[in-house]
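The values are calculated or read from the model by the stated rules, or taken from the named source; none is laboratory data. Predicted, not measured: the structure shown is a model, and the values here were computed from it. So basically every Cβ, Gly included, is an ideal-geometry build from the backbone, and we count neighbours across all protein chains shown.
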Ligand code: BG6
């Protein structure tokens, strides 16, 4: 691997995300030689720690991730971690961070390459980015200054725009890396390889041959300890606006001119521009919401800790998306996601049209009609894909039945697959924005989602409306039934 020089300033350095994902990912990059002698990280948060105590926090996080943290290599890695206690609203104190950054930059010869990582509560994104600039934390010697920002990016178009305007005062668009960790997942990145690397798929990838596309992000857990955040968000903002819209734009976009972040963004934005923003009536029929009920001893959503008893927050959403363009007109994209569903899995089902004439169907002989060809992309927990075709079976007479051509990444390989955060951090180090959400993508997807939210806020839902560990409310099935279709994955 090419070694990258980089000095990180980590806000939220003792937080959950940093400990669970970021430090183990940085360690993997260190072990692979992507980070090396010119890597250093300055951590900051409100906790009172010295460098050694902070190193211990990082060490524990490696242990927790299953790393051997007593090795010489781990010790070398940990020696590059430093800490300054800091209150992000304390403007005057940023000079302490600045001086420390400059010292460490010199010591580790990071060449002025700075990565500012905001792993913290979203209300601080704007102010912190502002202070990074006004208090002189950016390097000025020709190295790069990059801002990595976690979700959520606003809670509607307006707040997202305001945040973006704030960030733009300190960083240019190409210096801002908005994390959507789904874009770091192996099989999400594989969408482009499958589509643009295979004539047999891409030549059929349109409304003439595809009947509909289904995207399912199912979770088995309920809201857990995150109700404070989740109840203000709901499934639409938490999963649809970001992860699902990103997946859908990769499925819907035209072929990029080249495999470069700028070309890919152009095509994703074009796709999102042609996504139909619903009027009130369309939003009301094409999107449905749900909230989970109780199950045995498990409380319903409204009785979870920190959830108001009259909460109308949706823990499930399903919807139909329509692209008004030449490729997709008439071919809907159905999406669904929710908490407390039948399992934890993510999959994409591309349902092809059946042959116009089924020459094998003789109703009098009770012959089953042909099944649709379905390409299923399994994102998680197992990664791979499968193509369902019709073939003749070997019984007497002549009968067709569906068979699957399946490719699954085996355990040995999936153990070696980099975690999303490792890939994404690597991309930030390379300055490759392919797997991050650009402002235009965020803006278009909020405009779409806001319209659904607006309509939902006009009426009182009938909650709870689904049994935990099912695949959501009955209305999720009716959404497709109405169109004479069904979910490929159902119980
Ligand atoms: C996050 C959401 O973005 O994605 C969570 O805020 C959700 O509510 C999580 O649980 C799911 O991610 P993954 O990678 O576990 O599918």
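See the values below:
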quantity	calculated
Residue that is modelled with the lowest pLDDT, among those in region 368-386 that are away from the ligand (no atom under 16 Å from the Cβ) and out of contact with any strand residue (DSSP E or B) (no Cβ under 6 Å at 6 or more places or on another chain)	368
Cβ-Cβ under 7 Å pairs, at least 6 apart or on other chains, region 218-234 side under 21 Å from residue 182 (Cα atoms), far side within 10 Å of the ligand (Cβ to nearest atom) and in a helix (DSSP H, G or I)	223/230; 230/238
Residues being on the phi > 0 side of the Ramachandran plot and modelled with pLDDT under 95 - total across region 219-255	1
Qualifying residue in region 165-176 (condition: touching a strand residue (DSSP E or B) at 6+ places or on another chain (Cβ under 7 Å), in a helix (DSSP H, G or I) and either free of Cβ contacts under 8 Å to residues at least 12 places away in the same chain or more than 12 Å from the ligand (Cβ to nearest atom) (or both))	yes
Qualifying residue in region 260-278 (condition: buried (at least 19 other Cβ atoms within 10 Å of the Cβ), over 23 Å from the mean Cα position of the chain (by Cα) and at pLDDT 95 or above)	yes
Residues satisfying the stated conditions in region 84-98, i.e. more than 16 Å from residue 51 (Cα to Cα) and outside any loop (DSSP other than H, G, I, E, B)	91, 92, 93, 94, 95, 98
Considering residues of region 233-273 that are more than 22 Å from residue 316 (Cβ to Cβ) and assigned to a loop (DSSP other than H, G, I, E, B) only, the residue nearest to the ligand (Cβ to nearest atom)	253
Unique match (being modelled with pLDDT of 95 or more and farther than 30 Å from residue 171 by Cα) among 429, 389, 491	389
Residue among 202, 158 that is surrounded by fewer than 16 Cβ atoms within 10 Å (Cβ to Cβ) and either touching a helix residue (DSSP H, G or I) at 6+ places or on another chain (Cβ under 7 Å) or in contact (Cβ under 8 Å) with a residue 24 or more places away in the chain (or both)	202
Set 346, 406, 376, 400: member being farther than 23 Å from residue 219 by Cα, in contact (Cβ under 8 Å) with a residue 40 or more places away in the chain and within 40 Å of the chain's Cα centre (by Cα)	400
Pairs, first on the phi > 0 side of the Ramachandran plot in region 178-197, second assigned to a helix (DSSP H, G or I) and away from the ligand (no atom under 16 Å from the Cβ), C-beta under 7 Å, six or more apart	none
Residue within region 90-97 that is farther than 19 Å from residue 430 by Cα, surrounded by fewer than 17 Cβ atoms within 10 Å (Cβ to Cβ) and touching a residue at least 40 places away in the same chain (Cβ under 8 Å) present	yes
Count - residues of region 274-306 that are in a helix (DSSP H, G or I) and within 14 Å of residue 230 (Cβ to Cβ)	2
The lone exception for residue 343 - which of (1) at pLDDT 95 or above; (2) within 28 Å of residue 204 (Cα to Cα); (3) assigned to a loop (DSSP other than H, G, I, E, B) it fails	(2)
Residue in region 196-215 that is under 25 Å from residue 422 (Cα atoms) and within 16 Å of the ligand (Cβ to nearest atom) present	yes
Any hit, region 61-75, residues being touching a strand residue (DSSP E or B) at 6+ places or on another chain (Cβ under 9 Å), within 22 Å of residue 426 (Cα to Cα) and surrounded by fewer than 20 Cβ atoms within 10 Å (Cβ to Cβ)	no
Failed item in (1) out of contact with any strand residue (DSSP E or B) (no Cβ under 8 Å at 6 or more places or on another chain); (2) surrounded by fewer than 17 Cβ atoms within 10 Å (Cβ to Cβ), with residue 209 passing the rest	(1)
Every residue from region 222-232 that is more than 10 Å from the ligand (Cβ to nearest atom) and part of a helix (DSSP H, G or I)	227, 228
Any hit, region 366-376, residues being touching a helix residue (DSSP H, G or I) at 6+ places or on another chain (Cβ under 9 Å), at negative phi and buried (at least 16 other Cβ atoms within 10 Å of the Cβ)	yes
